Amino acid sequence: MTFDNNSIRSITDEVRSKWGWFVALGVLLLILGGVAFGNLFIATIASVYFVGWLMLFAGVIEIIHAFGVQTWGRFFLWLASGLLYALAGIFAFYNPILASAVLTFLLAVSLVASGVLRAWVGYQNWDQKGSGWIVTAGIITILAGIVIAIGWPVNSLQILGLFLAVDLIFQGWSFIAFGLALKK
């Protein structure tokens, strides 16, 4: 598909005319972020339920896919994978508090691992301009993971909600800024 200058201008004008919707969405996301900050426990449980739905859906899709593969080995692999995903999703609904502890622990481990990888990549490219920022970002990510791990499992009932609240607020401000920039 190719676009000429007229169609690009048309799309741009259409998006510009909707600037108010971007601002409204931003305000809504800011409000939801404030509500999430107001009750991190409920925001955490909502996050666990969302992840649970995604895992259950993915599990069902993989189970259905298992019946479409041609060999028995692959059938059982897809079936087992789908069943594990579906069971994990059901588990998230059955015991969201324990699921939040598991997800918080996985988040801490993931932050430490990705921070180590980021710092290592930055260090390996030390002669490149800006690599110090990559190393610094890696160290900060490692520290965030360690802080979460130190507070685990007690902080499990707030961390996921805190991440959701912060994300909603940043997304809200982004949409507001984007909408106001379109207005100009």
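The values are calculated or read from the model by the stated rules, or taken from the named source; none is laboratory data. Just so you know, these numbers come straight off a predicted model, no measurement behind them. Backbone-built Cβ (ideal geometry, glycine too); neighbour counts: all protein chains shown. Ligands, DNA and RNA are stripped out before the accessible areas are found, and what is left, the full protein with its side chains, is counted by its heavy atoms. Shrake-Rupley method; radii C 1.70, N 1.55, O 1.52, S 1.80 Å.
Go through the stretch 90-125 and count every residue that is of a type outside the set (A, V, I, L, M), within 21 Å of Phe163 (Cα to Cα) and surrounded by fewer than 19 Cβ atoms within 10 Å (Cβ to Cβ). First the steps, then the outcome.
If we filter the stretch 90-125 for residues that are of a type outside the set (A, V, I, L, M), which is where we start, we get 91, 93-96, 100, 104-105, 110, 114-115, 118, 120, 122-125.
Applying the additional criterion that residues be within 21 Å of Phe163 (Cα to Cα) yields 93, 95-96, 100, 104-105, 110, 114-115, 118.
If we keep only those that are surrounded by fewer than 19 Cβ atoms within 10 Å (Cβ to Cβ) too, we end up with 93, 95, 105, 110, 114.
Within the stretch 90-125, residues that are of a type outside the set (A, V, I, L, M), within 21 Å of Phe163 (Cα to Cα) and surrounded by fewer than 19 Cβ atoms within 10 Å (Cβ to Cβ) number 5.
Output the residue which, of all residues in the stretch 59-72 that are open to solvent by less than 50 Å² (accessible area, probe 1.4 Å) and in contact (Cβ under 8 Å) with a residue 12 or more places away in the chain, is farthest from Leu106 (Cα to Cα). Of everything passing the filter in the stretch 59-72, Ala66 is farthest from Leu106 (Cα to Cα). Taken as a whole, the stretch 41-61 holds no residue that is more than 21 Å from the chain's Cα centre (by Cα) and either aromatic (Phe, Trp, Tyr) or not in a helix (DSSP H, G or I) (or both). Residues that are touching a Leu at 6+ places or on another chain (Cβ under 9 Å) and over 30 Å from Tyr49 (Cβ atoms) within the stretch 104-151 comprise just one, Gly138. Considering the stretch 132-147 alone, what residues qualify as being touching a residue at least 24 places away in the same chain (Cβ under 8 Å) and open to solvent by 80 Å² or more (accessible area, probe 1.4 Å)? Within the stretch 132-147, Ile139, Ile140, Leu143 qualify. In this structure, is Ser81 among the polar types (S, T, N, Q), closer than 18 Å to Phe163 by Cβ and in contact with a helix residue (DSSP H, G or I) (Cβ under 8 Å, 6 or more places away or on another chain)? Spelling it out, it is not the case that Ser81 is among the polar types (S, T, N, Q), closer than 18 Å to Phe163 by Cβ and in contact with a helix residue (DSSP H, G or I) (Cβ under 8 Å, 6 or more places away or on another chain).
Assess whether Leu103 counts as being among the hydrophobic types (A, V, I, L, M, F, W, C), closer than 26 Å to Gly33 by Cα and in contact with a helix residue (DSSP H, G or I) (Cβ under 7 Å, 6 or more places away or on another chain). Give the steps one after another, and end with the answer.
Values: among the hydrophobic types (A, V, I, L, M, F, W, C): yes; closer than 26 Å to Gly33 by Cα: yes; in contact with a helix residue (DSSP H, G or I) (Cβ under 7 Å, 6 or more places away or on another chain): yes.
Spelling it out, Leu103 is indeed among the hydrophobic types (A, V, I, L, M, F, W, C), closer than 26 Å to Gly33 by Cα and in contact with a helix residue (DSSP H, G or I) (Cβ under 7 Å, 6 or more places away or on another chain).
Checking every residue in the stretch 23-30 against the condition of being at pLDDT below 95, open to solvent by 80 Å² or more (accessible area, probe 1.4 Å) and either assigned to a helix (DSSP H, G or I) or in contact with a helix residue (DSSP H, G or I) (Cβ under 8 Å, 6 or more places away or on another chain) (or both) gives zero matches. Among the residues that make up the stretch 149-169, is at least one of them over 22 Å from Ala119 (Cβ atoms), among the β-branched types (Val, Ile, Thr), loosely packed, with under 15 Cβ neighbours inside 10 Å and free of Cβ contacts under 8 Å to residues at least 12 places away in the same chain? The answer is yes, given that some residue of the stretch 149-169 is over 22 Å from Ala119 (Cβ atoms), among the β-branched types (Val, Ile, Thr), loosely packed, with under 15 Cβ neighbours inside 10 Å and free of Cβ contacts under 8 Å to residues at least 12 places away in the same chain.
To keep it simple, each residue is scored yes or no on (1) surrounded by fewer than 15 Cβ atoms within 10 Å (Cβ to Cβ); (2) of a type in the set (Gly, Ala, Ser); (3) at pLDDT 95 or above; (4) touching a helix residue (DSSP H, G or I) at 6+ places or on another chain (Cβ under 6 Å).
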| residue | (1), (2), (3), (4) |
| --- | --- |
| Phe57 | yes, no, yes, no |
| Arg74 | yes, no, no, no |
| Leu77 | yes, no, no, no |
| Ala88 | no, yes, no, yes |
| Asp127 | yes, no, no, no |
| Gly130 | yes, yes, no, no |
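Answer yes or no as to whether Val166 is among the β-branched types (Val, Ile, Thr), part of a helix (DSSP H, G or I) and within 22 Å of Gly38 (Cα to Cα). Walk me through it before giving the result.
Details: among the β-branched types (Val, Ile, Thr): yes; part of a helix (DSSP H, G or I): yes; within 22 Å of Gly38 (Cα to Cα): yes.
In short, yes.
Look at (1) open to solvent by 30 Å² or more (accessible area, probe 1.4 Å); (2) in contact (Cβ under 8 Å) with a residue 12 or more places away in the chain; (3) among the hydrophobic types (A, V, I, L, M, F, W, C) and you find that Phe50 fails only one, number (2).
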